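Take a look at the structure below.
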Ligand code: HEM
């Protein structure tokens with residue numbers, strides 16, 4: 001299923017990409033293009049997990065399903081609000097492109113607040129994982145934490161230095177790292193609960 005959706009999603013991106021150009025880099029179509037890419041990254045990560053079943057080294061962590069779902073939701077909000085910052089900011093790709101119209105400072109604050117909420121949930125997960133004997137889970141949590149801290153650092157440097165163009169690519173690469181590591185962790189937490197309740 002994930003394989004078929006991924007293949008069709010890549011073709012869909014060709015169409016959305018053309019639509020983005022046709023609409024004169026409209027920020028809503030641009031956001032859709034980015035977010036569909038993020039979904040494809042999630043699906044590809046899940047496919048890699050299927051190819052490496054050693055990921056499914058299970059333990060028992062009470063409440064991990066809830067925390068995993070909450071973390072997925074909070075991180076999705078962080079990514080969606082991130083695209084809204086870009087849609088309101090100076091890097092439209094064309095000086096005539098329309099903008100979302102949010103005050104950049106305000107929308108960047110909403111974005112960073114959603115990141116802090118995700119980080120809070122991640123710290124709760126980290127506390128639980130420290131009690132778990134699973135080294136795979138420990139590695140997964142460490143990778144997400146590393147990706148979050150690095151991405152947050154780049155984000156604040158961008159924010160306080162007037163959003164220089166040079167850092168945009170780095171922040172996008174960081175979003176991919178956050179998406180991949182978050183997908184792995186959430187998949188493990190949900191699997192783990194499923195097997196624990198079986
Ligand atoms: C886990 C942490 C974070 C994630 C996953 C994340 C994700 C994103 C995403 C997906 C975008 C849009 C990229 C695009 O549409 O091309 C973005 C833009 C942005 N983010 Fe973040 N972000 C994070 C942390 C932060 C933090 C802490 C700040 C500090 C205020 C920040 C500031 C910005 C800014 C200023 C932009 C606009 C960049 C531009 O227009 O060039 N980010 N972020």
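For residue 156 and residue 21, compute 0.36 nm times the residue count separating them, minus their Cα-Cα distance, and round to one decimal in nm.
Going from the current span to full extension adds 45.6 nm.
Where does helix 64-88 land angle-wise versus the long Cα axis of the chain, in degrees 0 to 90, nearest 10?
The angle comes out near 10 degrees.
Does the stretch 1-43 classify as rounded, prolate or oblate by the C-alpha gyration tensor (a ≥ b ≥ c root eigenvalues; a/c under 1.5 gives rounded; else a/b over b/c gives prolate, otherwise oblate)?
Oblate, since a/c reaches 1.5 and b/c is not below a/b.
Output the peptides 141-151, 94-104 sorted from most to least packed, where packing is the average of other Cβ atoms within 10 Å over each peptide's residues.
Taking the mean over residues of other Cβ atoms within 10 Å, the ranking is 141-151, 94-104.
Out of 113, 187, 177, any idea which swings most in a Gaussian network model of the chain, alpha carbons joined below 10 Å?
113
Taking the 0 to 90 degree range and rounding to the nearest ten, how far is the long axis of helix 27-51 tilted relative to the main principal axis of the chain, both from C-alpha atoms?
Computed tilt is about 20 degrees.
Roughly how far apart, in whole Å, are the Cα centres of the stretch 132-183 and the stretch 36-111?
If we compute the Cα centre of each part, the gap is 11 Å.
To the nearest 10 degrees, how steep is helix 135-160 against the longest Cα principal axis of the chain, on a 0 to 90 scale?
So the helix axis and the longest Cα principal axis differ by about 20 degrees.
Under the definition of Cα pairs under 8 Å and six or more residues apart, what whole-number percent is the relative contact order of the chain?
31
Relative to a virtual label point 7 Å from the Cα of residue 48 in the Cα→beta-carbon direction, which members of the stretch 160-184 show backbone nitrogen distances below 12 Å?
Only 176-184 fall inside the zone, counting backbone N under 12 Å.
Quick one: among 111, 52, 171, which has the greatest mean-square fluctuation in a GNM of the chain with alpha-carbon springs under 10 angstrom?
Maximum fluctuation in the GNM of the chain, among the listed residues, is at 52.
Extending each Cα 7 Å along its Cβ direction at residue 116 and residue 73, get the distance between those two points in nm, one decimal.
Roughly 2.0 nm, to one decimal.
I need the Debye-formula profile for the stretch 55-177: one equal scatterer per C-alpha, no solvent, reported as log10 I(q)/I(0) at q = 0.18 1/Å, two decimals.
At q = 0.18 Å⁻¹ the computed log10 ratios are -0.94.
Spin-label point model (7 Å from Cα, Cβ direction): what's the residue 66 to residue 80 distance in nm?
That separation, rounded to one decimal, is 2.3 nm.
Throughout, read-outs are computed from the coordinates displayed, never taken from laboratory work. Bear in mind the structure is a predicted one, so any value in this text is a computation, not a measurement. Note: ideal-geometry Cβ built from the backbone for every residue, glycine included; neighbour counts use all protein chains shown.
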